[in-house]
Amino acid sequence: MQNYENHDKATRTIALMDAYDSYIERSEYKDALRVVQELVVIRGSAQDWSALGFCQNILGSYKEALVSFSQAIYIDPDDIVNWTNLGGLLGELERYDEALIILDRALELEPDNIETLFNKSIVLNNCGRHDEALSFLNIVVQIQPNFQIAWRNRGLAFGSLRRYEEALESFEKALLLDSNDQAALRYQGIVLANLSRYKQALTSYNRAIELNSRDLEAWLGQGIALSNLDRYDEALTAFDLVIELAPDNAKAWLGRSILLCELEKYEEALSVCDRSLKLGNQDAAVFLNRAKILLALNQWDEGIVVLDDALNRYACIGHLNNRDTKTIICNLLCRTHNLEVSTWQLCTKTLLEVYEKYRFTSLLEQELVQSIRELLLPYFNVEIARTWRDIWQNLVGERLEFQAFLRLLNTAVYYRETKGDPSILLELSVEEQSLFQSFLGIENLSHQFNEADLMWQAGYVALTNRELFGRGVVWFEGDNPRYISRRDDMPIELLNLVDEYDLDQEFLVIAPNHRIVYLMSFDQIGLDPKVGIEPNSEEEYERELDSILAQLQEKGLDSAQASSLRNMTLAYRNGEFSLSAYSQEDMEIVQIITEEWSAGNIQVVADLCRRYLP
């Protein structure tokens, strides 16, 4: 009788084992759990308890899984699989110290066990010990070069250490082994974005989204990459999709806020940023973005307090984005220069102090150098440039780290004061000359400017080209230019003309009495801005000029304007311009126009479209 019972038990055990294997193969874990629970009752071997722990772990019953793995070890303490499984589960539960003890015990049994080494690398990575994790991952891929997930995790470890090129090499190896590894594609996108290689990052994110259209992190990455490529509408779509799928996703709200800040929609950006904070986002980026918004809104006192908090958080991370500092400096330069000098100086001083406090002075100096490009644009008059220089000279004095910035800043001011004398650049070092020339768009200093080369360009009287002024236009009120980036901020005169001509704010022409007299774009004139005129003779030049003037008259330029424009153009071409022929107001205009001299062969079409129409 006993033999029959043993036979039935053995037969049932075999049937249950076959059923378990079948369910596991089809990923039917609940049925597998039911079967293995019966196996534990019938037989109760270490293998059965280990299988039970595996199913419980997969189904999220972690406490029960811990008990099952522990029981398997109790029955068979020399089986490395049970130690490895227990250590891996403790790591998933973030009980890292216990996990490492268990995994070390497993490695005592078998030092070269791939799964145990890999599990230990995961635990080390997750608890921030990336260098140690790498040492184990290197052993794993050396023993088993085709261990695809190990290559992916190796890329993660390198990425966490900001060794981005090495991270990319590991991700590329992982994707070579499995081109459809969606997680590796997403991580690859993150690393490429950290290297500012946004087009490549976008390709990785797009591929990851193709494989899993509900991967929120991939959509967020796509939004960030698109934003950095200035593809703002598409970026907003990506962030909005994340918010639609997960309304409480604080990162998506932050991304949307950063984008709105870039679009200079500051009030809306602030509201969205606060939404991210309310959702519990304590990332340093959300505080920095809020600081940028407040400073842009000229809420300086509160903005500096928030900036202090943000830089404190970034100091713990050890990294701050150049683009954010650039935005802060640009806002300081463009949005506060119309305040009292003492107020502007105080704002500048507090900004310097907070960057010094958290040892980001070098980054500040780098972006101050880049801001000189703005001072060379025509909507800053020379007096603003002088004031900016004086403020910084008083603030930093002889401090070594700011001397390159001060030299370049002084050169910019002198360049404006001398109406663009290129010989001033010779006082700079070769490297500084090259940098300053890049600000001006000058290839070299061999060409000498002369009055015969003087052609009217984007300046005091002819604004603006979108490439120079971003998404806004410049409007003169009295002697002070005001930067306009939103339709709601446009004076009614400008708004009416924009609507009348159906323009996209591409060119704005302003008269000496600071009112608009004409508004045009290349498309409306019907001329190709790339077509240049290089006549062989004076007669040919005049024929071409008269032909273009005739086209302009067909578009609304009256005969008096055409005649005046013709005379001025020829006077400049022939070097016959005389200040005595013009009023004091015209002289002021000419003074600023001459700052915009350009070297050689300026397209007559571009000249006509950009110049002041008297």
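The values are calculated or read from the model by the stated rules, or taken from the named source; none is laboratory data. Since the model is a prediction, treat every value here as computed from it, not as a measurement. Here the Cβ positions follow ideal geometry from the backbone for every residue, glycine too, while neighbour counts run over all protein chains shown. The protein model used for the area step is the full one, side chains on, heavy atoms only, and it has no ligands, DNA or RNA in it. Shrake-Rupley method; radii C 1.70, N 1.55, O 1.52, S 1.80 Å.
Which condition from (1) charged (D, E, K, R); (2) in contact (Cβ under 8 Å) with a residue 24 or more places away in the chain; (3) under 21 Å from Val286 (Cβ atoms) is the one that Glu374 breaks?
Exception for Glu374: condition (3).
Taking the residues in the stretch 124-135 that are hydrophobic (A, V, I, L, M, F, W, C) and in a helix (DSSP H, G or I) as candidates, determine which candidate is farthest from Leu100 (Cα to Cα).
Among those that are hydrophobic (A, V, I, L, M, F, W, C) and in a helix (DSSP H, G or I), it is Leu134.
Name the helices (runs of 4 or more DSSP H) wholly within the stretch 13-123 that hold at least 3 residues that are closer than 30 Å to Leu134 by Cβ and either of a type in the set (Lys, Arg) or without any contact (Cβ under 8 Å) to a residue 24 or more places away in the chain (or both)?
Filter on the stretch 13-123 gives 96-109.
When you go through Leu260, Leu279, Leu254 one by one, which is the residue that is free of Cβ contacts under 8 Å to residues at least 40 places away in the same chain and over 15 Å from Ser227 (Cβ atoms)?
On the way: Leu260 fails: over 15 Å from Ser227 (Cβ atoms); Leu254 fails: over 15 Å from Ser227 (Cβ atoms).
Step by step, each of Leu260, Leu279, Leu254 is checked, and only Leu279 is free of Cβ contacts under 8 Å to residues at least 40 places away in the same chain and over 15 Å from Ser227 (Cβ atoms).
Take the stretch 378-419 and flag every residue that is in contact with a strand residue (DSSP E or B) (Cβ under 9 Å, 6 or more places away or on another chain) and polar (S, T, N, Q).
Asn381
Could we say that Asn85 is open to solvent by 80 Å² or more (accessible area, probe 1.4 Å) and of a type in the set (S, T, N, Q) here?
For Asn85, the condition - open to solvent by 80 Å² or more (accessible area, probe 1.4 Å) and of a type in the set (S, T, N, Q) - is not met.
Leu295 fails exactly one of the following numbered conditions: (1) part of a helix (DSSP H, G or I); (2) within 20 Å of Ala246 (Cβ to Cβ); (3) not hydroxyl-bearing (Ser, Thr, Tyr). What is the number of that condition?
Answer for Leu295: the failing condition is (2).
Looking at the structure I just gave you, is Cys334 open to solvent by 20 Å² or more (accessible area, probe 1.4 Å), part of a helix (DSSP H, G or I) and touching a strand residue (DSSP E or B) at 6+ places or on another chain (Cβ under 7 Å)?
On the way: open to solvent by 20 Å² or more (accessible area, probe 1.4 Å): yes; part of a helix (DSSP H, G or I): yes; touching a strand residue (DSSP E or B) at 6+ places or on another chain (Cβ under 7 Å): yes.
Here the answer is yes, as Cys334 does meet what is asked.
Which of the residues spanning the stretch 37-70 are open to solvent by 40 Å² or more (accessible area, probe 1.4 Å) and among the hydroxyl-bearing types (Ser, Thr, Tyr)?
Ser61, Tyr62, Ser70
Given Ala284, Ala246, which one is among the small types (Gly, Ala, Ser), free of Cβ contacts under 8 Å to residues at least 60 places away in the same chain, open to solvent by less than 10 Å² (accessible area, probe 1.4 Å) and touching a helix residue (DSSP H, G or I) at 6+ places or on another chain (Cβ under 9 Å)?
The conditions single out Ala284.
Please state which of the following conditions Lys292 fails to meet, knowing it meets all the rest: (1) open to solvent by 40 Å² or more (accessible area, probe 1.4 Å); (2) basic (Lys, Arg); (3) modelled with pLDDT of 90 or more; (4) closer than 27 Å to Lys251 by Cα.
Going through the list (1) open to solvent by 40 Å² or more (accessible area, probe 1.4 Å); (2) basic (Lys, Arg); (3) modelled with pLDDT of 90 or more; (4) closer than 27 Å to Lys251 by Cα, Lys292 breaks only (1).
I'd like the full set of residues that are in contact with a Gly (Cβ under 9 Å, 6 or more places away or on another chain) and small (Gly, Ala, Ser), limited to the stretch 82-104.
Ala99
Under the condition of being outside any helix (DSSP H, G or I) and of a type outside the set (A, V, I, L, M), which residue from the stretch 269-283 is farthest from Ile293 (Cα to Cα)?
Result: Gly280.
Which members of the stretch 365-412 meet the condition of being over 28 Å from the mean Cα position of the chain (by Cα), exposed (fewer than 15 other Cβ atoms within 10 Å of the Cβ) and more than 20 Å from Thr343 (Cβ to Cβ)?
Once the filter is applied, which keeps residues that are over 28 Å from the mean Cα position of the chain (by Cα), exposed (fewer than 15 other Cβ atoms within 10 Å of the Cβ) and more than 20 Å from Thr343 (Cβ to Cβ), the stretch 365-412 yields Gly397, Glu398, Arg399, Leu400, Gln403.
Out of (1) closer than 21 Å to Asn289 by Cβ; (2) in contact with a Ser or Thr (Cβ under 9 Å, 6 or more places away or on another chain); (3) at pLDDT 85 or above, the odd one out for Trp392 is which?
Single failed check for Trp392: (1).
For (1) among the aliphatic types (A, V, I, L, M); (2) part of a helix (DSSP H, G or I); (3) open to solvent by less than 20 Å² (accessible area, probe 1.4 Å), each residue gets a yes or a no:
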position: Trp151; (1), (2), (3): no, yes, no
position: Arg154; (1), (2), (3): no, yes, no
position: Phe158; (1), (2), (3): no, yes, yes
position: Glu166; (1), (2), (3): no, yes, no
position: Ser179; (1), (2), (3): no, no, no
position: Gln200; (1), (2), (3): no, yes, no
position: Arg207; (1), (2), (3): no, yes, no
position: Ala218; (1), (2), (3): yes, yes, yes
position: Gly223; (1), (2), (3): no, yes, yes
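When you check Ser213 against the structure, is it under 23 Å from Ala246 (Cα atoms), modelled with pLDDT under 95, open to solvent by 50 Å² or more (accessible area, probe 1.4 Å) and over 22 Å from the mean Cα position of the chain (by Cα), yes or no?
Taking the combined requirement at face value, the residue satisfies it.
Tell me yes or no: at least one residue of the stretch 248-262 is in a helix (DSSP H, G or I) and basic (Lys, Arg).
Within the stretch 248-262, one or more residues are in a helix (DSSP H, G or I) and basic (Lys, Arg).
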